[in-house]
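The values are calculated or read from the model by the stated rules, or taken from the named source; none is laboratory data. What you are looking at is a predicted structure, and each value in this text was computed from that prediction instead of being measured. No Cβ is skipped: glycine too gets one built from the backbone with ideal geometry, and neighbour counts run over all protein chains shown. Please note that ligands, DNA and RNA were not included when accessible areas were found on the heavy atoms of the full protein model with its side chains. Shrake-Rupley method; radii C 1.70, N 1.55, O 1.52, S 1.80 Å.
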Amino acid sequence: MSNVTEATESTSTRFQEADIEQAQKLVGAYFPTQKHEHFRTATPDVIRNFATSYGDDNPLYTDDEYGVSTRWGSQIAPPLIGVAVNTALEGDRRPKELRRPAFRNIQVFVSGSSWEHHRPVLPGDRLFQFEGFEKVEVKESEFAGRSVIVTRRHVRMNQDADVVSVARMIAIHTERAGARDDSKRPAFEPARYSAADIDELDAAYAAERPRGAEPRYWEDVQVGDAIEPRVKGPLTTTDIVVFHAGGYGFTPYGLYTSRLAFANRRRIGPFYVPNEYGIPDVAQRVHWDADWARSVGTATSYDYGILRDTWLNHALTDWMGDDGWIVRFSSQMRKFNYLGDVHRITGEIVAKRVDDGGRHVVDVELRGTNQRGEVTCPATATIALPTRSGGQVVLPPVDQATADMAAEFMARHRELLAAQRG
């Protein structure tokens with residue numbers, strides 16, 4: 001038995017009823033996100049590095065001069081930039097009775113997300129966030145026994161309290177003891193590639209390019225049209241490192257070294273589990289430590305769900321061109337994306353309509369399929385396109401209740417900052 005297993009079995013890996021009850025109590029309550037994400041400001045460099053962290057070279061995101069000649073008049077950020085950029089939002093202290101549940105020694109998997117986009121993030125924008133639990137469900141799983149599914153709603157706004165996006169993240173919390181049951185672990189064959197296989201993938205990459213400045217008009221799109229496929233992979237540990245360094249900082253847990261890691265371990269000790277050498281290390285290392293990943297019940301190391309979300313969005317933004325706008329996007333993470341896996345992103349137009357706001361939109365169904373033929377991440381999206389007769393896309397409005405909450409949170413933020421500065 002490995003040191004990892006011995007260490008983790010020394011503490012409880014079962015749900016505490018008080019944690020479940022506390023999570024359910026939080027439904028509908030919103031609080032400011034007071035810890036900053038990987039970056040505080042969407043500088044041109046941050047925008048570029050976030051795009052390239054998932055393999056996107058679209059000049060609208062990566063060139064700080066290209067966007068000047070587009071309808072946006074500036075470089076803009078990729079749709080999911082909010083997972084990387086956040087400035088701490090000052091707010092009133094959370095009441096003790098509404099504290100977050102600890103869920104200690106419980107494994108967490110992101111199973112999907114949905115996004116509504118309302119305005120672009122521009123260079124120099126700071127993003128602020130408030131969030132809350134929208135739904136808490138308790139279920140039984142053949143894979144991991146009991147699980148708690150938490151849907152969290154994240155509202156992101158800029159420094160002017162303009163809501164940029166509203167996202168919902170679905171996280172499945174599972175008991176690690178159940179997840180380690182080898183009898184429930186699916187059969188797994190690691191991917192292997194010949195030189196010819198790599199040549200084939202390289203040829204697919206060489207053929208990819210964003211649509212760019214050529215408008216894709218709504219009138220020219222028909223139901224049944226395919227979006228151009230995109231290749232992602234084979235997934236490597238380097239891909240995970242690049243995504244971390246360039247884009248995803250994995251807050252609120254964070255990744256630190258030396259004295260900062262020591263301080264973080266004091267802050268969230270249960271997040272650190274001894275590795276094979278007896279060294280406390282982050283539970284998050286399931287994404288690059290194959291032995292630790294297997295110890296919690298998966299076949300080997302795997303990606304982040306949000307990484308595949310960026311891949312799916314990459315296919316959409318390449319297809320729609322500079323003038324399109326993703327109104328909403330929703331994904332499911334149904335299977336793991338293991339190290340060594342290749343994904344092909346494909347999709348098609350399933351509807352074409354004028355929405356309630358008068359926008360000319362198309363509905364898209366898309367999916368990521370691995371080399372085993374498994375669809376690991378089905379998704380849907382609604383994209384607004386320019387028209388030959390009506391001109392540019394009009395951005396979707398924010399519902400009044402959310403806009404009012406944003407204004408209130410920002411006003412309190414400014415008030416508290418002013419008080420701190422005397």
Sum of -39500 (n - 2.57) over DSSP H runs of 4+, divided by residues of the chain (222 nm, nearest 500): -7500 deg cm²/dmol
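Taking 0.36 nm per intervening residue step and subtracting the Cα-Cα distance, what contour gain separates residue 74 from residue 204 on full extension?
On the way: separation 130, 0.36 × 130 = 46.80 nm, distance 3.03 nm.
The span from residue 74 to residue 204 would gain 43.8 nm if fully extended.
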Nearest-20 debye value, the stretch 209-327 charge dipole, Cβ charges on Lys, Arg, Asp, Glu: 800 debye
Whole-number Å³ per residue for the convex hull built on Cα positions in the chain: 162 Å³
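Can you tell me how much longer the chain between residue 356 and residue 253 gets when fully stretched, taken as 0.36 nm per residue apart minus their C-alpha distance, in nm with one decimal? Please list the in-between numbers first.
Values: separation 103, 0.36 × 103 = 37.08 nm, distance 4.01 nm.
Gain on stretching residue 356 to residue 253: 33.1 nm.
Would you calculate the volume per residue, in Å³, of the smallest convex hull containing every Cα atom of the stretch 205-269?
Numbers: hull volume 12.6 nm³, N = 65.
Expressed per residue, the convex hull around the Cα atoms of the stretch 205-269 is 194 Å³.
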Rounded to the nearest 20 debye, dipole of the stretch 284-400 from Cβ charges on Lys, Arg, Asp, Glu: 240 debye
Reach of residue 139 by Cα under 28 Å, taken over lysines that are not fewer than 8 positions away in the same chain: 25, 96, 184, 335
Protein accessible area in the stretch 190-310, 1.4 Å probe - carbon and sulfur %: 56 percent
The chain - accessible surface per residue (Å², probe 1.4 Å): 46 Å²
Protection proxy ranking, peptides 355-363, 197-205, 388-396, average beta carbon neighbours within 10 Å, highest first: 355-363, 388-396, 197-205
Average Cα contact separation per residue, the stretch 41-102, under 8 Å, 6 or more apart, as relative contact order %: 29 percent
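Please work out how much length the chain gains when fully extended from residue 236 to residue 260, using 0.36 nm per residue of separation minus the C-alpha to C-alpha distance, in nm with one decimal. Numbers along the way, then the final one.
Numbers: separation 24, 0.36 × 24 = 8.64 nm, distance 2.69 nm.
That pair, residue 236 and residue 260, stretches by 6.0 nm at full extension.
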Computed FRET value (nearest 0.05) for residue 108 with residue 365, which takes r as the C-beta separation and R₀ as 35 Å: 0.80
Rounded Å value of the spacing that divides the Cα centres of the stretch 72-151 and the stretch 332-383: 21 Å
Euclidean distance between Cα centres, the stretch 394-422 to the stretch 224-281, Å: 31 Å
Separation in nanometres of the label points that stand 7 Å from Cα toward Cβ, at residue 401 and residue 21: 2.8 nm
Length-normalised contact order for the chain - Cα pairs under 8 Å, 6+ apart - percent: 19 percent
Taking only Cα atoms of the stretch 258-391, radius of gyration then Dmax in Å: 20.4, 67
